[in-house]
C-alpha cells in the first residue's frame, strides 16, 4: 500500500498538490531506539507511520522525562513539524519504540498546501485536537489519580502493546514514562509484588495477576 | 469597535460568509463569577472576548480544580464549541473572572465556514496550538517545578492582573487555581509570611516583598 492509502485527505487534494506531495516525500526505516526529533532540531517534517511505534515525550532541564502519547500505524506526528505554526511554543522529543517505517513530509511543503487547502487545514485541526485530548487525559491522570493506579494502568498497556506478560523494562524506563523518580517506581513495584500482582527480576516485570492489576487501575 | 475589528481573519471571509456570521452573532455581558460553559452543556459556541477575563479549568470527580489558562481582550475561546471537532475529547469549564463583554459565534455556523475556508481553518489551528502551548507549559510546571515556585509565580501574576499588591483570594481559591489542597496552600503561605514575602489576613494575601517572590518563582 502506498502513501495515497495512508494519508486520509489525499482524495481532496488537487492533482497539482498531489504531485507536489508525491515528489517531496521521503520513505524511511527508523531502528528501534532512535531519537527522530528533538527540540534543538529545526523542523524534521511530518511523520506518517506505516508500521511501528513512536513515543512523544518531554524532558526537564534535569533530564527527567514523561511520555505524552504514542503513535502507531497510520498516525501522523505533527509536532515534529512545529515550524508550520507559529503558535506551537513547546518542544517534544520523538523516538522510535519499535523498528518503524514512515514517510517524512517536508514541513514547508505541508505548510504551503495547508494554507491553500481547507480540507488539509481541517484535517490538521483534527490531528492537533486528538493529541490535545491525549495530553488533557494525561493532566487528569497526573492531577487526580494516585501513582499506584497509574502504574497498574501503564503495566497493562505495555503488556497489551508488547503482547506478552513478561515486560523487559527497567524501573528507570518506567519512571521516564510516568514522569517520576526511579525510587518511587521501585517502591510501588515491590508493593505490587508483595500483593502477588507482579514478579520482579533484573530488567523484567512479569504480570502475574492481571485481574488484580485491572481492578487497581 | 465592532466584531470586524476583533475577528482576525474577517477580511479573508467572502461577502456571503461575512453576512452569515454577522447575522448569527450574539453580544453578551457576563457578570463576574458566571460559569459560561461546562462539560454538560452541549456546545455553547465560540466566545470572542471584547473586554474582561475568562478562566478555563478542569474539575475532578471529587470537585478539585486546576486552572488551564485565561483569556483576555481579543482572545477567542474554542473549547466552549468543542462540538466543531470530533477529536476534542475533553471537557473544560469556562467562567468569567471579571465582568466580561463578549460575542458568541454559534458553533454550527463556525464549523460550516471553517470547512469551506482555508484561512478560517488555519486561524483555528493557530488558536488551538496556542492553547495547547498553554497546557504544555502547565504540564511542565506541574511535573518539574516545586510548589513554592508555582505559588510565588501565581501570586505575582494575580497581582499584575488585578493591579494591586493586596489580593482578595481565599486559600481555597488559590488551591483551585493550582490544583492542590487548601492545606498545602495554607502551609506554604505561612512559610512565605515567616519569610516576610506576604502578610496574611482573612480572605486577603498582601504581597510585601515582590522582589523576593520574583526570585523564588
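Scanning the range B:58-93 for residues that are surrounded by 15 or more Cβ atoms within 10 Å (Cβ to Cβ), more than 8 Å from chain A (Cβ to nearest Cβ) and over 24 Å from residue B:7 (Cα atoms) gives B:59, B:65, B:67, B:91. Does residue A:108 fit the bill of being surrounded by fewer than 18 Cβ atoms within 10 Å (Cβ to Cβ) and within 9 Å of another protein chain (Cβ to nearest Cβ)? No, not satisfied. For the range A:14-45, the set of residues classified as within 14 Å of another protein chain (Cβ to nearest Cβ) and under 16 Å from residue A:91 (Cβ atoms) consists of A:39 only.
The strands (runs of 3 or more DSSP E) falling completely within the range A:1-56 that include 3 or more residues that are without any contact (Cβ under 8 Å) to a residue 60 or more places away in the chain map to A:46-51. Within the range A:144-174, the residues that satisfy the criterion of being within 14 Å of another protein chain (Cβ to nearest Cβ), surrounded by fewer than 16 Cβ atoms within 10 Å (Cβ to Cβ) and out of contact with any helix residue (DSSP H, G or I) (no Cβ under 7 Å at 6 or more places or on another chain) are A:145, A:146. Scanning the range B:1-34 for residues that are surrounded by fewer than 12 Cβ atoms within 10 Å (Cβ to Cβ) and within 18 Å of the chain's Cα centre (by Cα) yields B:31, B:33.
Away from chain A (no Cβ under 14 Å) and within 30 Å of residue A:145 (Cα to Cα): does that describe residue B:181? When the stated conditions are applied, residue B:181 does not pass them.
When the range B:184-207 is filtered for residues that are outside any loop (DSSP other than H, G, I, E, B) and touching a residue at least 24 places away in the same chain (Cβ under 8 Å), the ones remaining, listed by number, are B:184, B:185, B:188, B:189, B:191, B:192, B:198, B:204, B:205, B:206, B:207. Only a single item in (1) closer than 21 Å to residue A:140 by Cα; (2) surrounded by 20 or more Cβ atoms within 10 Å (Cβ to Cβ); (3) within 14 Å of chain A (Cβ to nearest Cβ) is not met by residue B:113, and it is number (1).
Of all positions in the range A:125-133, at least one carries a residue that is over 17 Å from the mean Cα position of the chain (by Cα), within 14 Å of another protein chain (Cβ to nearest Cβ) and either crowded, with 18+ Cβ neighbours inside 10 Å or without any contact (Cβ under 8 Å) to a residue 12 or more places away in the chain (or both).
Here, each number is a calculation from the coordinates, and none is a lab measurement. Note that the structure is a prediction, hence the values are computed from the model and not measured. Neighbour counts run over all protein chains shown; Cβ positions are idealised from the backbone, glycine included.
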